[in-house]
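Presented below is the structure to which this report refers.
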Amino acid sequence: MPRPLSEAPHLSARLPAGHADQPISQADAPPVTTFQSQGRSARAWKPKHVYFTAAAWEEEHGRRIAERLDGLDVSYEVMKANRLPKLGGSTTRETYRKAKNTLAIVNAPPSQFRLTPIPPSADWQFHLAKGCPAHCQYCYLAGSLPGAPVTRAYANLDQILENNAAYIDPNKDLTTFEASCYTDPLGIEHLTGSLARTISWFGDQPAARLRWVTKYDDVTPLLDLPHNGQTRCRISLNADWVTRRLEGGTADLDARLGAMRRLAEAGYRIGAVLAPLMPFENWQEDYADLLDRLRSTLDFPVDLTFELITHRFTPGSKEILLDWYPNTSLDFDEERRSKKLNKFGSHKFVYPREQMQELKGYFTDRIARDFPEAEVLYFT
Ligand code: SF4
């Protein structure tokens with residue numbers, strides 16, 4: 001039976017009366033980790049131009065965002081109407097530079113309250129924002145979001161979350177919701193706080209599960225949230241070769257691995273999104289290194305999934321990305337790809353079948369061998 005701390009012979013004389021009269025035991029001690037998270041964190045984005053539309057300014061969450069901006073010493077302008085100022089520049093480069101420095105706080109339009117499925121990732125997609133401050137040279141958003149790559153964060157978050165409730169299928173054990181189709185929600189979390197509110201909301205929904213993914217690493221504000229196991233936090237990982245060359249503005253691999261470990265320690269379900277997989281020279285060696293580092297990061301039981309996504313591009317995304325990143329080392333050679341048609345008649349370029357099979361075989365074998373506890377959700 002442990003004795004009250006006040007009776008400890010070497011301490012009691014110095015303790016004030018009434019202090020620590022409850023027994024303490026080792027079980028009360030905070031967990032101690034010997035894991036040293038290293039790496040280069042992503043720099044917190046400080047947009048140079050921030051605009052609130054008039055409607056967004058009226059929203060409670062809009063005001064919360066304004067408070068955060070005040071606290072971070074980020075200035076903003078409140079528009080008289082719901083239109084943003086002209087955000088383009090005179091050249092593609094100028095437009096890109098300006099847009100990537102611009103945050104617009106707007107209300108999600110009514111169309112976004114009709115959720116759409118997002119197979120194979122989740123049952124439904126919903127959006128906290130559209131746009132992202134990072135500079136990935138293969139960015140999935142190029143060609144999917146029209147206009148200048150401004151980040152638009154939604155102020156009517158409370159309605160967005162309430163609307164999700166209508167999509168929880170009462171006939172299923174779990175309905176899944178993906179929140180990062182058009183943004184990296186952690187990359188703007190210090191400015192919006194939207195991800196934390198969303199995680200807490202899902203924590204109260206026993207039949208729904210949130211999924212989101214990031215290349216950033218500042219997970220500290222998420223660690224103490226009442227997530228109740230209803231959120232799977234996924235970290236986008238890639239070989240150093242890709243991360244260093246092609247993922248500007250994001251956290252480096254070690255910092256992302258450290259973030260993943262901290263999320264797992266906080267009781268979250270976690271996921272590794274290995275994307276975009278590329279068969280560059282010596283790819284097997286580099287990806288083996290990535291998987292080894294992931295294994296030594298997760299050296300305790302975790303609820304872990306993998307998603308495996310190969311690099312692909314469309315004619316439209318290629319054109320935009322080459323405009324934005326004219327010196328990219330990304331391989332956009334259509335001759336070395338297969339054309340894949342979709343049901344709407346447009347097409348994208350993927351790796352040829354043999355290369356796809358080689359990539360799939362390599363990753364599924366390695367994961368089965370080194371991560372027997374994990375589930376591979378899909379390879380595409
Ligand atoms: S983190 Fe994702 S959304 Fe942001 S620039 Fe990179 S690929 Fe695009």
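The values are calculated or read from the model by the stated rules, or taken from the named source; none is laboratory data. Predicted model, so just to flag it, every value in this text is computed and none were measured. Cβ coordinates were reconstructed from backbone atoms using ideal geometry, including for glycine residues, and neighbour counts include every protein chain displayed. Just so you know, the surface numbers come from the protein's heavy atoms only, side chains and all, with ligands and any DNA or RNA stripped out. Shrake-Rupley method; radii C 1.70, N 1.55, O 1.52, S 1.80 Å.
Per-atom-type breakdown for the stretch 76-233 gives carbon and sulfur 52% of the accessible area (1.4 Å probe, protein chains only). Think of each Lys and Arg Cβ as +1 and each Asp and Glu Cβ as -1; about the Cα centre, that makes the dipole of the chain roughly 1180 debye.
Going by average Cβ neighbours within 10 Å, how do the peptides 136-143, 184-191, 200-207, 345-352 rank, with the highest at the top?
Numbers: 136-143: 19.9, 184-191: 23.9, 200-207: 16.8, 345-352: 14.5.
Result, highest mean Cβ count within 10 Å first: 184-191, 136-143, 200-207, 345-352.
Counting DSSP beta bridges with both partners in the stretch 49-379, what percentage is antiparallel, nearest 5? The partial results should precede the final answer.
Values: 11 of 49 bridges.
Percent antiparallel among DSSP bridges in the stretch 49-379 is about 20.
Amide H contacts of residue 237 (H built 1.01 Å from N, in plane; Pro and chain starts excluded): 273, 274, 275 sit under 5 Å, all sequence-distant by 5 or more or on other chains. The separation of the stretch 362-380 from the stretch 163-209, counted between C-alpha centres, amounts to 26 Å. Counting lysine pairs in the stretch 49-379 that sit 8 or more residues apart in sequence, or on different chains, and whose Cα atoms lie under 20 Å apart gives 17.
Which value at 222 nm does the chain reach when only helices count, each DSSP H run of 4 or more adding -39,500 (n - 2.57), with the total divided by all residues and rounded to the nearest 500 deg cm²/dmol?
Values: 11 runs with 111 residues, N = 380.
My calculation for the chain gives -8500 deg cm²/dmol from helical runs alone.
Counting only protein heavy atoms, what percent of the accessible surface of the stretch 242-367 is carbon or sulfur at a 1.4 Å probe? All intermediate terms of the calculation are to be shown ahead of the outcome.
Working: 2660 of 5840 Å².
Looking at the stretch 242-367 in its full context, I get 46 percent from C and S.
The listed peptides 53-60, 256-263, ordered by packing as a protection proxy, come out as 256-263, 53-60 (highest mean of other Cβ atoms within 10 Å first).
Taking amide H positions as modeled 1.01 Å from N, with prolines and chain starts lacking one, the residues under 5 Å from residue 269 and 5 or more places away or on another chain are 231, 233. Using C-alpha pairs under 8 Å with a sequence gap of at least 6, the mean separation divided by the residue count of the stretch 49-379 gives a relative contact order of 14 percent. The value of relative contact order for the stretch 304-380, using C-alpha pairs under 8 Å at least six residues apart, is 50 percent.
I'd like to compare 293-299, 244-250: which one has the highest average count of other Cβ atoms within 10 Å, and what's the full order after that? If you can, show how the numbers build up before the last one.
Values: 293-299: 15.7, 244-250: 17.7.
Peptide ranking by packing, descending: 244-250, 293-299.
Find out how many positive minus negative residues lie around residue 83, taking Lys and Arg as positive, Asp and Glu as negative, among other residues whose Cβ is under 14 Å from that of residue 83. Working shown, then result.
Working: positive: 80, 86, 152; negative: 77.
Net charge around residue 83: +2.
For the chain, which DSSP H helices look membrane-span-like by this rule: Cα extent along the axis of 15 Å or more and mean Kyte-Doolittle of at least -0.5? The answer, listed by residue number, is 253-265.
Evaluated at 4 °C with a viscosity of 1.567 mPa s, what Stokes-Einstein diffusion coefficient in µm²/s does the chain have when Rh comes from the Kirkwood expression over alpha-carbon pairs? Before the final figure, lay out the partial values.
On the way: Rh = 22.7 Å.
Rounded to a whole number, D works out at 57 µm²/s.
Using a 1.4 Å probe, what is the accessible area per residue for the stretch 108-261, in Å²?
Values: 5300 Å² over 154 residues.
Per residue, the stretch 108-261 has 34 Å² of solvent-accessible surface.
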